[in-house]
Amino acid sequence: MQALAELQESIGLRFTDPDLLLEAFVHRSFLNENPSVSLRSNERLEFLGDAVIGFIITERLFKEFPLLSEGDMTRLRSQIVCQEGLSALARQTGLGKYLLLSRGESLTGGRDRDSNLARTFEALVGALYLDRGLPAAKDFFFSRITSEGILSLIASETFDFKSKLQEFAQARFQLTPVYETVKEEGPPHDRSFVVEVKLGDEVTGRGQGKSKKKAEEEAAKYALENLTGH
């Protein structure tokens, strides 16, 4: 099929078994409308792809972000592999136009429906895993969500800001944040602290709080916002 050749060109991969690639795009509605077609829906490949994506994300988080706790990794993984996240990756890859849908599903917006796109993306990863192995599945997935993208998610989550900043700074700049108390004011029973955090010689954030710890957390929060743009 010309469409499959076009798709392989667009994702930069060549399947040894084109039938696997085709199966990744077969929506159940297409088979309901075309019962004589000798194809299977993409549901089994979707099931496999979901497991493959879960594994490769977990491995990447474990190896590259050692300061993240188990709970942090679980939350990040769920953000990345959720329907909204995977459908965005599918749109980025242009998968919708290749879906085999029933006429009704197509006319009602099925090619841009989050659920269809997310499932197709999972099915495509599952097909890649079967056809080319785990390295190809990893390369495909992480060409679409990079370590930079994961770092941005870390910065947007409600984790320990100091740990997040250290993770981000070491990954991006190979630097460790340094905190400096630049002002103390108020009576002993009601002190207020102002802290600056530096990366190298540059002040990247400034925070204020009733304890040095709270001021450092606020400084780290603002530093992350300044460095990531959100």
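Our summary gives the chain a relative contact order of 17 percent, counting only alpha carbon pairs under 8 angstrom and 6 or more residues apart.
Computed per residue of the chain from DSSP H runs no shorter than four, each worth -39500 (n - 2.57), the mean residue ellipticity at 222 nm is -18500 deg cm²/dmol.
Can you give the convex hull volume of the alpha carbon atoms of the stretch 159-228 per residue, in Å³? Intermediate values should be presented prior to the final figure.
Details: hull volume 4.9 nm³, N = 70.
Measuring per residue, one finds 69 Å³ for the Cα hull of the stretch 159-228.
In the stretch 24-115, a dipole from Cβ-located charges (positive for Lys and Arg, negative for Asp and Glu) runs towards its positive end, and of Thr74, His27, Thr58 it is His27 whose Cα lies farthest in that direction.
Residues considered: Phe161, Phe65, Phe193. Largest GNM mean-square fluctuation over the chain, using C-alpha springs under 10 Å, is found at Phe193.
Round to the nearest 0.05 the FRET efficiency obtained for Ser163 and Asp114 when R0 = 25 Å and r is the Cβ-Cβ distance. Before the final figure, lay out each step's value.
Values: r = 32 Å, r/R0 = 1.28.
Between Ser163 and Asp114 the formula returns 0.20.
Amide H contacts of Thr204 (H built 1.01 Å from N, in plane; Pro and chain starts excluded): Val197, Lys198, Leu199 sit under 5 Å, all sequence-distant by 5 or more or on other chains. Residues whose amide H comes within less than 5 Å of that of Val182, counting only those at least five positions distant or on another chain, are Val194, Val195, Glu196 (H built at 1.01 Å from N in the peptide plane). Nearest 5 is fine: what % of DSSP beta bridges in the chain come out antiparallel, could you say? Just about 95 percent of them are antiparallel. Once the chain from Lys213 to Phe55 is taken as fully extended at 0.36 nm per residue, the excess over their C-alpha distance is 53.3 nm.
Among Lys63, Lys183, Lys221, the order by Cβ neighbours within 10 angstrom, fewest to most, reads Lys63, Lys183, Lys221.
Grouping the Cα pair distances of the chain into 5 Å bins from zero gives a pair-distance distribution of 1, 6, 13, 15, 13, 11, 9, 8, 7, 6, 4, 3, 2, 1, 1, 0, 0 percent in increasing distance order. Listing Asp17, Asp72 from fewest to most neighbouring C-beta atoms within 10 Å gives Asp17, Asp72. Working note: Karplus 6.51/-1.76/1.60 with θ = phi - 60° gives the stretch 192-202 the couplings 10, 10, 10, 10, 10, 10, 10, 10, x, 9, 9 Hz, where Gly and Pro are set to x.
Note that the stretch 95-110 has calculated 3J(HN,Hα) couplings of 6, x, 6, 9, 5, 9, 10, 5, 4, x, 5, 5, 5, 9, x, x Hz, one per residue in order, obtained from phi through the Karplus relation 6.51 cos²θ - 1.76 cosθ + 1.60 (θ = phi - 60°); glycine and proline are x. Taking 7 Å steps out from each Cα toward its Cβ at Thr181 and Met73 produces label points 3.6 nm apart. Cβ crowding within 10 Å ranks Glu122, Glu184 as Glu184, Glu122, fewest other Cβ atoms first.
The numbers here are math on the coordinates, done by the rules we state, and not lab data. None of the values given here were measured: they were computed from a predicted structure. Heads up, the Cβs are rebuilt from the backbone with ideal geometry, glycines too, and the neighbour counts pull from every protein chain shown.
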